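See below for the structure under consideration.
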Amino acid sequence: MKYDHKSIESKWQKKWEEAGVFHAESDSDKKKFYALIEFPYPSGQGLHVGHPRSYTALDIVSRKRRMQGYNVLYPIGWDAFGLPTENYAIKNHVHPKIVTENNVARFKSQLQALGISFDWSREINTTDPKYYKWTQWIFLQLFKNGLAYKKEMAVNWCTSCKCVLANEEVVNGVCERCGSEVVRKVKSQWMLKITAYADRLINDLDLVDYPDRVKAQQKNWIGRSTGAEVDFTTTTGDILTVYTTRPDTLFGATYMVISPEHPIIEKLSDVIKNMDEVRAYQDAAARKSDFERTEVAKDKTGVRLDGVEAINPVNGKQIPIFISDYVLVSYGTGAIMAVPAHDTRDHDFAKKFDLPIIEVVKGGENVQEEAFTDCATGILVNSDYLNGLSVDDAKKKIIEELEKTGKGHAKVNFKLRDWVFSRQRYWGEPIPIVHCPCCGAVPLPESELPLELPEVESYEPTDTGESPLAKMTDWVNTKCPKCGGDAKRETDTMPQWAGSSWYFLRYMDPHNDNALASEEALKYWSPVDWYNGGMEHTTLHLLYSRFWHKFLYDIKVVPTPEPYAKRTSHGMILGENGEKMSKSRGNVVNPDDIVNTYGADTMRLFEMFIGDFENAAPWNSSSIKGCRRFVERFCGLESMVKGDGIRPELESAFHKTIKKVGEDVETLKFNTAIAALMALINDIYATGSVTKEELKIFTILMSPFAPHAAEEVWELAKLGEGFVSRAEWPSYDESKCVDASVEIAVQVNGKIRDKIMVPVDIDQAGALELAKKSDKVSAFTDGKTIVKEIYVKGKLINIVAK
RNA sequence: GCGCCUGUGGUGGAAUUGGCAGACACGCUGGAUUUAGGUUCCAGUCCGAAAGGGUGCAGGUUCAAGUCCUGUCAGGCGCACCA
């Protein structure tokens, strides 16, 4: 058969679509399998070669599961709200809706050209009012349950564009677009109380099958720590509360650091003698993004408050108070006690400002030179009643004492912060809230959903930092749903994360107007069986959607406490030079070029063969040819058919390959599955022909990887009825996967001296007897005493001789 | 600064989880086919003439280490200096 990838691929893509081969069945008594990939943001650049890596992987799994009789749901949609589309719209004066439509059309044709077995009848789009009606509905439920609230928060403010910037738009402290200075400005923002779920988000990781590195990263992000809050009195009689995870080191606290934004500074502005210096430092800190505060970490900065000191509650010592930007107002109490002897950052700071370093935990070298931070081995010293205790015991004891004297208490803290949910942007879901002078923030009645985005003239935010919606007075001015008086609509929109926090539920029943999905659909399809995505979404999207799902579970909308039973993560595809693909680095590969030149089947095989799916892999254009050659060799089998049945000399190879491919697909080892198929085809070619049965099995095994070529071979060689995509996955016989005899290595003192053939079930005595007959072995054992003999079945013998 | 990940032939990568390092490909070399190029097919290909030596580097545990432990170097990615 001549292999013309263009005609073959478009032929089968059309036939699949016409026959609805990949549609999930709505009413089915079959076992379900729900495979999910992270739906793409349809960017203007078109598909990236990274997208097909994830999509092809779960496509292979889905295709195999279909052939194994599962009712498979493998859906696709568009996460289409977002900043780049809005910025493109501002620049080119095109409605973001049009931009989105164009980008979606391009993405869709690119994806369809790859032959991914998505169920296109369930396609969704987060910017469709029929979809975001339910995003808004979920927000209303969160609001009604007290999980959405408003709070003053710092935002990035471009002094020239006069608008709020995303962190991404702030580059080195200046606005990405105009290069002007960016400052932090306080604005009232909608917040979601994800912290209320912090404990459950950690604990319920036990219920799911995620990779360890994903679980660890989520736990670190949520960051549960057990410590204490301790009250320090100041010389002015005020109370400064600090949070510490090391209350045991309290006697070693030699100074205190508070964040530059700490409210006590304003309160004490009359007492502080160097207020000018303090103000200057506050200004400088306000200009820094959080990331910059991180970058300057090496060189600690700070200002000592002149005129006020703190009093250590356990020993009455007066200690100086500093402000420094390495203490963040958002974590703990915004104030720390500094123990330079046992904390690296405090040590750096103390050295710079020449502050005393007092050792209170014995066990390290000289604490004047380096902080000793080991909690496991240290013993308390210089600490009055704590002396001689271990760190753990000292923590318990001091907390007891603090609680007794009312100067502090045990406290669990989380690094996790509440989710800032407002954006001063146009291209997002409107927040369905009305602000009434009498009734406050009033939720829109559910019957008025969706609250659609109005048409505006321009998409630029206003000079005051409000969203462009604020300019639409007709839309903004409304009546209060509660009292009927004049009121104004909320003009902030939701972040892109909103639509992606529940989209997997919508796929279950995408056209439902009465609920986000029907109860039956939710019950049948929940939870997602397998969710693959990038590591970069581990702490935001994955956590946000788990949070929303848990909330929906609590209000009895969804039937499972966790949305995803299993999560896997693919590695990034890097440029040929081993760096991340980006326009500026000039190492971007366009998937269209590969599909045009070599075909989708080659592209699919190549991306799966490129390396370990879970690790990053550099693009390597020279080895694409090998995958193309493999597809051609596979198609070449069609003209070599002779006879039927599996020939005895290939029987074990076939059984082994069926087993290996099946197992490797389930464990994401696509590269070795393909290698096994390549090895088998080499074996077949070595015999000069192929039987019909052999070709049938081989074609079925090939079909998840190279589905178009497989359909063509299936049809031409008349291997079965209908589509190979709906054929039955072959089974294997375990007993035929093992050979009667096996070659094992014979080592003497760990070095290989010979290899011998032995029956596969031979015992240690038998194997050793055979091994000792070898001259190559005896040459190394003669005249020595055999100390030890090790036999590993089917692998090796090791004779230890002295 | 912190966190996570990765270091194996000329190249991408395998290695049943502590048991024969280099599967499968790419590339290269030689040969066959071809007017030639391409394609295809056959043979070879970790280094070393050999003894041996080899998984970033230095130690350690073990009969046995790419795999486990300690230290260290390099690269990549992420970040909210998390007390």
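In the structure shown, do any of A:Lys642/A:Lys696; A:Lys30/A:Lys523; A:Lys14/A:Lys625; A:Lys193/A:Lys550; A:Lys219/A:Lys407 have a Cα-Cα gap over 23 Å, and if so which? Could the numbers behind the result be given before it?
Values: A:Lys642/A:Lys696 13 Å; A:Lys30/A:Lys523 14 Å; A:Lys14/A:Lys625 27 Å; A:Lys193/A:Lys550 13 Å; A:Lys219/A:Lys407 30 Å.
Violating the 23 Å limit, Cα to Cα: A:Lys14/A:Lys625; A:Lys219/A:Lys407.
Once amide H atoms are placed 1.01 Å from N in the peptide plane, what residues at a sequence separation of 5 or more from A:Gln68, or on another chain, have their amide H within under 5 Å of its amide H?
Distant-sequence amide H within range of A:Gln68: A:Trp729.
In whole percent, and with a 1.4 Å probe on the protein chains, what portion of the accessible area of chain A is carbon and sulfur?
50
Please give me, ordered by residue number, the GluC sites (Glu not before Pro) of segment A:1-79 that lie in loop per DSSP and have at most 15 other Cβ atoms within 10 Å. Could you put the intermediate results ahead of the total?
Working: sites: A:Glu9, A:Glu17, A:Glu18, A:Glu25, A:Glu38; in loops: A:Glu25, A:Glu38.
Here the sparse-neighbourhood loop sites are A:Glu25.
For a paramagnetic label modelled at 7 Å from the Cα of A:Glu666 toward its Cβ, which residues of segment A:72-86 fall within the zone defined by backbone nitrogen distances under 15 Å?
Of the residues in segment A:72-86, none has backbone N under 15 Å from the label point off A:Glu666.
Identify all lysines with a Cα-Cα distance to A:Lys802 below 25 Å; exclude those on the same chain that are fewer than 8 residues away in sequence.
Cross-link targets: A:Lys751, A:Lys755, A:Lys772, A:Lys773, A:Lys776, A:Lys784, A:Lys788, A:Lys793.
Which of rounded, prolate or oblate describes segment A:174-261 when judged by the alpha-carbon gyration tensor and an a/c cut-off of 1.5?
oblate
Just to verify a number: what accessible area does A:Ile239 come out at with the full protein assembly present, 1.4 Å probe, Å² rounded to tens?
100
Tell me, what are the semi-axes, in whole angstrom and largest first, of the equivalent ellipsoid of chain A as set by the roots of 5 times the Cα gyration tensor eigenvalues?
With the √(5λ) rule applied to chain A, the semi-axes are 56, 42, 23 Å.
Determine how many Å³ per residue the convex hull of the Cα atoms of segment A:378-449 encloses. If you can, show how the numbers build up before the last one.
Numbers: hull volume 17.7 nm³, N = 72.
Hull volume normalised by residue count: 246 Å³.
Please report the projected area of segment A:187-316's Cα convex hull averaged over all directions, in nm². Present the calculation step by step, with values, prior to reporting the outcome.
Values: hull surface 46.1 nm².
Mean projected area for segment A:187-316: 11.5 nm², to one decimal.
From the phi of every residue in segment A:82-99, what ³J(HN,Hα) in whole Hz does the Karplus formula 6.51 cos²θ - 1.76 cosθ + 1.60 yield, where θ is phi - 60° and glycine or proline is x?
Per residue, the Karplus-derived 3J(HN,Hα) values read x, 4, x, 4, 5, 5, 5, 5, 4, 5, 9, 6, 10, 5, x, 5, 5, 4 Hz.
Do the alpha carbons of any pairs in A:Lys566/A:Lys659; A:Lys162/A:Lys187; A:Lys144/A:Lys215; A:Lys151/A:Lys187; A:Lys11/A:Lys718; A:Lys2/A:Lys718 sit beyond 20 Å of each other, and which pairs? Spell out each step's value before the answer.
On the way: A:Lys566/A:Lys659 23 Å; A:Lys162/A:Lys187 13 Å; A:Lys144/A:Lys215 31 Å; A:Lys151/A:Lys187 8 Å; A:Lys11/A:Lys718 17 Å; A:Lys2/A:Lys718 17 Å.
Pairs exceeding the cut-off: A:Lys566/A:Lys659; A:Lys144/A:Lys215.
Which value in Å is the Kirkwood Rh of segment A:68-163 over different Cα pairs?
17.0
What accessible surface, in Å², does a 1.4 Å probe find on A:Lys130, ignoring ligands, DNA and RNA and rounding to the nearest 10?
Number for this one is 130 Å².
Between A:Ser160 and A:Ile311, how high is the FRET efficiency from 1/(1 + (r/R0)^6) when r is the Cβ-Cβ distance and R₀ = 51 Å? Nearest 0.05.
0.65
Keeping every protein chain present and rolling a 1.4 Å probe, give me the accessible area per residue for segment A:358-511 in Å².
For segment A:358-511, the per-residue accessible area is 47 Å².
If I stretch the segment between A:Ser390 and A:Asn590 completely, what's the gain in nm (0.36 nm per residue apart, minus their alpha carbon distance), one decimal?
Contour length minus the Cα-Cα distance gives 66.0 nm.
Looking at segment A:672-802 from every direction and averaging, what is the projected area of its Cα convex hull in nm²?
Details: hull surface 42.3 nm².
The number I arrive at for segment A:672-802 is 10.6 nm².
Say R0 is 56 Å: what FRET efficiency, to the nearest 0.05, do A:Asn514 and A:Asp782 get from their beta-carbon distance?
After rounding to 0.05, the efficiency reads 0.05.
At 1.4 Å probe size, with every protein chain present, just tell me what the per residue accessible area of segment A:155-227 comes to in Å².
On a per-residue basis, 48 Å².
Report, as a whole number in µm² per second, the diffusion coefficient that Stokes-Einstein gives for segment A:500-650 at 25 °C and 0.890 mPa s using the Kirkwood radius over alpha carbon pairs. Could the numbers behind the result be given before it?
Details: Rh = 19.4 Å.
Result for D is 126 µm²/s.
In segment A:561-626, how does Rg compare with the Kirkwood Rh, expressed as the Rg/Rh ratio over alpha carbon atoms?
1.07
At 7 Å along Cα-to-Cβ for each site, give me the label-to-label distance between A:Lys773 and A:Thr405 in nm.
Taking the two extended label points, one gets 8.5 nm.
A:Asp27 versus A:Arg726, label points 7 Å from Cα toward the beta carbon: distance in nm?
1.9
Set the Förster distance to 45 Å, then compute FRET efficiency between A:Leu540 and A:Ala19 from the Cβ-Cβ distance, nearest 0.05.
FRET efficiency, A:Leu540 to A:Ala19: 0.70.
Collect residues whose amide H, placed 1.01 Å from N in the peptide plane, falls under 5 Å from the amide H of A:Arg567; neighbours closer than 5 in sequence don't count.
Result for A:Arg567 returns A:Asp209, A:Tyr210, A:Tyr531.
Please report the orientation-averaged projected area of segment A:738-802, defined via the convex hull of its C-alpha atoms, in nm².
Computed as one quarter of the Cα hull surface, the answer is 3.8 nm².
By its C-alpha gyration tensor, with a ≥ b ≥ c as the square roots of the eigenvalues, how is segment A:343-427 shaped: rounded for a/c under 1.5, else prolate for a/b larger than b/c, else oblate?
Oblate.
Let me know the Kirkwood hydrodynamic radius for segment A:516-605, please, with Cα pairs as the basis and the value in Å to one decimal.
Radius from the Kirkwood sum: 16.4 Å.
In what sequence, highest mean first, do A:439-450, A:712-723 appear when ranked by Cβ atoms within 10 angstrom?
Listed from highest to lowest mean packing, they are A:712-723, A:439-450.
Just check segment A:468-549 against the gyration tensor rule for me: Cα atoms, a ≥ b ≥ c as the square roots of the eigenvalues, rounded for a/c under 1.5, and otherwise prolate or oblate depending on whether a/b exceeds b/c. Write out the running numbers ahead of the final one.
Numbers: a/c = 3.32, a/b = 1.74, b/c = 1.91.
Here segment A:468-549 falls in the oblate category.
Around A:Ala338, which amide H atoms from residues at least 5 apart in sequence, or from another chain, sit under 5 Å from its own amide H, with H modelled in the peptide plane?
Here the answer is A:Thr254, A:Tyr255, A:Met256, A:Val257, since their amide H atoms fall under 5 Å of that of A:Ala338.
Against the longest alpha carbon principal axis of chain A, how many degrees, from 0 to 90 and to the nearest 10, is the axis of helix A:344-353 turned?
Once rounded, the angle reads 40 degrees.
The values are calculated or read from the model by the stated rules, or taken from the named source; none is laboratory data. Everything numeric here is computed off the predicted structure, so don't read it as measured data. FYI the Cβ positions are ideal-geometry reconstructions off the backbone, even for glycines, and counts take in every protein chain you see. Only protein heavy atoms, including side chains, enter the accessible area calculation; ligands, DNA and RNA are left aside. Shrake-Rupley method; radii C 1.70, N 1.55, O 1.52, S 1.80 Å.
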